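Everything on this sheet refers to the single structure shown next.
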Protein chains: 2
Amino acid sequence: MINVLIMRKEQSSNAINEQFLFEVCELNSAISMISGRWKSQIVYSISQGNNRFHLLQKELPNISEAVLARQLKELETHAILVKQEIPNTTPIGVAYKLTNKGADLVPILEQLCDWGKAYAAGKAITSPTSPC
Amino acid sequence: MINVLIMRKEQSSNAINEQFLFEVCELNSAISMISGRWKSQIVYSISQGNNRFHLLQKELPNISEAVLARQLKELETHAILVKQEIPNTTPIGVAYKLTNKGADLVPILEQLCDWGKAYAAGKAITSPTSPC
DNA sequence: TTGATCACTAACAATTTTGTTAGTTATTGT
DNA sequence: ACAATAACTAACAAAATTGTTAGTGATCAA
């Protein structure tokens, strides 16, 4: 009886529809990997050399540590980045490194950025040249 | 007093952070435009000629009418598509058409699709060739 | 006249995502 | 002895997204 209830939750319409879309096309799983709050900005920041937890916090001053850790873990789960402990550091340092998968994503994000800029409603705060 | 409460809701941390990211880089607004459930699949389907409400329903059998209508309206709000009434049809037919902005998005979605396929964990259900 | 199609909308409920708070471990600097 | 830094985790609350239900109006076909 309890299992029935649990299965309900694991098989909510929401989850079923997500799965359906994943099976329709990899496009949908690709988008779900990058669409969390902060996620693409984290990937882009790491690609620019901000590969430490505290460097990312500096880049994204409004993010809380718990949220940053969670987003990083999800990116790791999707094999977009890996964690590497930096030896001989106290406290132990951790460097985040994009995988090949993550690195291949960056130029696509740059294109999305350009697309966004090309059709931005109003004032672009950043410069009109390509990189974010 | 009531306004104070409303302002609270309009300025939730969530909304503030979203706005912050929009100002950091257009990448973030671009991703927010395409990251709703069904959205990129709808854009892709329209680009393939499924430009009517009922054709999209056929393509996406699990979507409810209310949800489809909502996603279409959001895509319209972001100027990715426009609605066109088809004259001399009963009941009145509506065609969805990608704007230039929407059409420019399609090749980027195809690249995301390819990226997803290239690094898919396991079995690809669709063929390995490019279009979804 | 009953049912079907087309293209929706509004109100509400379920689910998921995001943010907050309060911890942890280990070390260095004052 | 005390605060600071680095890099987290768990539990919970707030907010946003997604899904459900029940409607709308106009027209045609049986």
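The values are calculated or read from the model by the stated rules, or taken from the named source; none is laboratory data. Only a predicted model underlies this, so the values are computations on that prediction, with no experimental measurement involved. When we count neighbours, we look across all protein chains shown, and the Cβ atoms used for this are built from the backbone with ideal geometry, even at glycine.
Determine the pairs where a residue that is outside the structural domain of B:GLN71 (by TED's automatic domain parsing), located within the stretch B:20-37, has a partner that is aromatic (Phe, Trp, Tyr) and within 13 Å of DNA strand C (Cβ to nearest atom) with Cβ atoms under 6 Å apart, the partner being 6 or more residues away or on another chain. Here the result reads B:ASN28/B:PHE22; B:SER29/B:PHE22, each pair linking the stretch B:20-37 to a residue that is aromatic (Phe, Trp, Tyr) and within 13 Å of DNA strand C (Cβ to nearest atom). When A:SER64 is tested against (1) away from DNA strand C (no atom under 12 Å from the Cβ); (2) exposed (fewer than 14 other Cβ atoms within 10 Å of the Cβ), only condition (1) is not met.
Considering the stretch A:15-42, and only residues there that are among the aliphatic types (A, V, I, L, M) and closer than 14 Å to B:SER35 by Cβ, the residue that is surrounded by the fewest Cβ atoms within 10 Å (Cβ to Cβ) turns out to be A:LEU21. Scanning the stretch A:74-105 for residues that are within 11 Å of DNA strand D (Cβ to nearest atom), closer than 25 Å to B:GLU18 by Cα and surrounded by fewer than 12 Cβ atoms within 10 Å (Cβ to Cβ) yields nothing.
Of note, A:GLN111 does not satisfy the criterion of being at pLDDT 95 or above, touching a Cys at 6+ places or on another chain (Cβ under 8 Å) and within 8 Å of chain B (Cβ to nearest Cβ). Annotation: of all residues in the stretch B:25-65 being farther than 19 Å from B:HIS78 by Cβ and part of a helix (DSSP H, G or I), the one that is farthest from the other protein chains (Cβ to nearest Cβ) is B:HIS54. If you go through the stretch A:99-108 and pick out every residue that is more than 7 Å from every other protein chain (Cβ to nearest Cβ) and either more than 15 Å from A:SER35 (Cα to Cα) or not in a helix (DSSP H, G or I) (or both), you end up with 4.
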